[in-house]
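Asks: I'd like to ask you about the structure that follows.
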Amino acid sequence: MDFCPRCGTRLVVRHQKDQASRLCPKCGFTEAVKREPMLSETVEKERRREPITVIDVDADKLKTLPTTEIDCPKCGNPEAYWWTVQTRGADESPTQFFRCSRCGYVWREYS
């Protein structure tokens, strides 16, 4: 935004053919606009939505997760590994995941 050096009114840009000028609507001051090379358009690449890896394959073999006494809904085993992940907003409580120590079934509980 530019202002008139004479009266301080905001200048209006006028386009005529291949030229542009700034014109003061109050006092009539006019100045040519210098053509600057246009910046290349910024193209925003679409983010690839990769699935969230809760536990990768190698970590599943380690069996170093803490265990708790909870019944597996699939096989009824009374023991499962557990971990928490912040899957929702920071102001929401984390989601607790369980993996059955016998059949490997994974389920979650929202706090």
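Asks: Within the range 104-111, does at least one residue satisfy the condition of being surrounded by 13 or more Cβ atoms within 10 Å (Cβ to Cβ), outside any loop (DSSP other than H, G, I, E, B), in contact with a helix residue (DSSP H, G or I) (Cβ under 9 Å, 6 or more places away or on another chain) and modelled with pLDDT of 85 or more?
Replies: No.
Asks: For the range 78-103, what are the residues that are at pLDDT 85 or above and of a type in the set (K, R)?
Replies: R99, R102
Asks: Ok, one more. Quick one: in the range 75-101, which of the residues that are part of a strand (DSSP E or B) and of a type in the set (S, T, Y) is surrounded by the most Cβ atoms within 10 Å (Cβ to Cβ)? First the steps, then the outcome.
Replies: To start, the set of residues in the range 75-101 that are part of a strand (DSSP E or B) comprises 79-85, 95-100.
Subsequent filtering for residues that are of a type in the set (S, T, Y) retains 81, 84, 95.
Values: Y81: 19, T84: 13, T95: 16.
Within the range 75-101, the match that is surrounded by the most Cβ atoms within 10 Å (Cβ to Cβ) is Y81.
Asks: For the range 31-73, enumerate the residues that are surrounded by 10 or more Cβ atoms within 10 Å (Cβ to Cβ), under 15 Å from F97 (Cβ atoms) and modelled with pLDDT of 75 or more.
Replies: Correct list: L65, T67, T68, I70, C72, P73.
Asks: Of all residues in the range 21-35, which are of a type in the set (V, I, T) and either part of a loop (DSSP other than H, G, I, E, B) or not assigned by TED's automatic domain parsing to the domain that holds D2 (or both)? Before you say what the answer is, go through the steps one by one.
Replies: At the first step, the residues of the range 21-35 found to be of a type in the set (V, I, T) are 30, 33.
Within the range 21-35, V33 is the sole residue that qualifies.
Asks: Any residue in the range 2-30 that is surrounded by 12 or more Cβ atoms within 10 Å (Cβ to Cβ) sitting within a Cβ distance under 6 Å of a residue that is aromatic (F, W, Y)? List the pairs, counting only those 6 or more apart or interchain.
Replies: C4/F29; R10/F3
The values are calculated or read from the model by the stated rules, or taken from the named source; none is laboratory data. This one's a predicted model, so the numbers in the text were calculated from it and none came from an experiment. Heads up, the Cβs are rebuilt from the backbone with ideal geometry, glycines too, and the neighbour counts pull from every protein chain shown.
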